[in-house]
Amino acid sequence: MLRLLNVADRLDRYIARNVLAAIIVVQVVLLGLDITIAYIDDLGDVQAGYTALDALLYLIMRTPWRFYQYAPVAVLIGALIGLGSMASSNELTVMRASGRSLARIVWGVMKPVLVVVVTVLLVAEYVTPRTEQYAEAWRLEKIQGEGAMLTSRSGWQFEGDSVYRFGAIRADNTVLDLTRYRFDDRRLVEATYAQRALWEGDSWQLENVTTTRIFDDHTNSEQLESLGWDTSFTPTQLERLLRDIESQAPSELWYYAKFLEEQGLQNDQALLYFWQKVLLPLTMGSLVLIAASFVFGPLRTVAAGTRVFYGVITGLGFKYVQDLLAPASTIFGFSPVWAVLVPTLLCAGVGIYFLRRNG
């Protein structure tokens, strides 16, 4: 009995080793192609302070983000290649003939995928938010000089009776081009523009401020060198508002979504990216089921290149369905979690159907 268990464990390790190696190779190839294309495109920004070497270093800094982005596709194609190579050499046939169940073979494929899932989740939570922030600040500082903007994305925010527009935030927590519109029962009564807002201790200080008060028959303008800004916004909240939402950690996305909800603003996009990252294990598991169903099902007799082609098409189709359901969740009012779960469950259902049919 122990000998049989040892053989079974050895087969699991063999399957896991083949699949994991294929996933790593695919991931490296995808990263290499993407970095090469992005590098050629980024060469157009090369100038005196931003050299071709700087452009390459910037792309290398963003490798964790690319690793996260391509992980599901790498799992799908890697599982296809790993299982397909064993199928081509009749190793899977021998395993099935020796009494190895189809479910046990698929579980052997899932084991290395669990390692990939844990790695990707750790990267998404602890690595990507910091590397993306640092890389963007480093690049802009090279191009614009010291004190560059952390992000060039502007953003709008609501608080109390005021609506704010923020131009950008620098790496030193300085907000640039801040505009505040204050309303009284939907009537604009005051507009304030500040060239910058400095975070000093635990409060904000506006600099180069112009305030225009709007009355029924006239307006009144006032200019000040500095003015205190009483607000609940913190540098972290503003940085999340202006930073690309896709690169934020799952925990950051959750708190950001709650913050938007408290402000009475739509938080569908933040919740969508949150559920995409949290439900990543289910997503990758469903893609593995699809890959296994291709090898054991309708594509078991075709060439390896054809299986990879269909795997790429499936991966793109999966992504496009998620992208279509994302705005649909806002238009039709259903929870963003379904925009992630529907294609995931669809893939899992199709995979299980073909596996049961051929198992």
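Descriptive notes on the structure:
- Chain lengthening between TRP107 and GLU125 when straightened (0.36 nm per residue, less Cα-Cα): 3.8 nm
- Helix runs (DSSP H) in the chain reaching 30 Å along axis by Cα, Kyte-Doolittle at least -1.0: 2-42, 63-88, 102-122, 304-332, 336-358
- Site pair ARG213 and VAL321 shows an inter-label distance of 6.0 nm when each label is modelled 7 Å from Cα along Cα→Cβ.
- Placing +1 on the Cβ of every Lys and Arg and -1 on the Cβ of every Asp and Glu, with no other charges, gives the chain a dipole of roughly 2960 debye about its Cα centre.
- Choice from PHE318, PHE274, PHE233 with maximal GNM fluctuation in the chain (Cα, 10 Å cutoff): PHE233
- Rolling a 1.4 Å probe over the protein heavy atoms gives the chain an accessible area of 52 Å² per residue.
- Accessible surface of the stretch 231-285 [probe 1.4 Å, protein heavy atoms]: carbon and sulfur percent: 52
- Span per principal axis, largest first, for the Cα atoms of the stretch 243-321 (Å): 57, 17, 17
- When peptides 200-212, 338-350, 32-44, 76-88 are ranked by their average number of other Cβ atoms within 10 Å per residue, the highest-first order is 76-88, 338-350, 200-212, 32-44.
- Note on the chain: helix-only mean residue ellipticity at 222 nm, from DSSP H runs of 4+ residues weighted -39500 (n - 2.57) and normalised by residue number, equals -21000 deg cm²/dmol.
- For the chain, taking the reciprocal of the average inverse distance between every pair of different Cα atoms yields a Kirkwood hydrodynamic radius of 23.7 Å.
- Each peptide in 52-62, 107-117, 285-295 receives the mean, over its residues, of other Cβ atoms within 10 Å, and ordering these scores from highest gives 285-295, 107-117, 52-62.
- Counting only Cβ charges, +1 for Lys and Arg and -1 for Asp and Glu, the dipole size of the stretch 7-123 around its Cα centre is about 780 debye.
- Choice from ASN173, ASN90, ASN18 showing the highest fluctuation, given a GNM over the chain with Cα pairs closer than 10 Å: ASN90
The values are calculated or read from the model by the stated rules, or taken from the named source; none is laboratory data. All figures in this text were calculated on a predicted structure; none of them were measured in a lab. We place every Cβ from the backbone using ideal geometry, glycine too, and count neighbours over all the protein chains shown. What goes into the accessible areas is simple: the full protein's heavy atoms, side chains included, and nothing from ligands, DNA or RNA. Shrake-Rupley method; radii C 1.70, N 1.55, O 1.52, S 1.80 Å.
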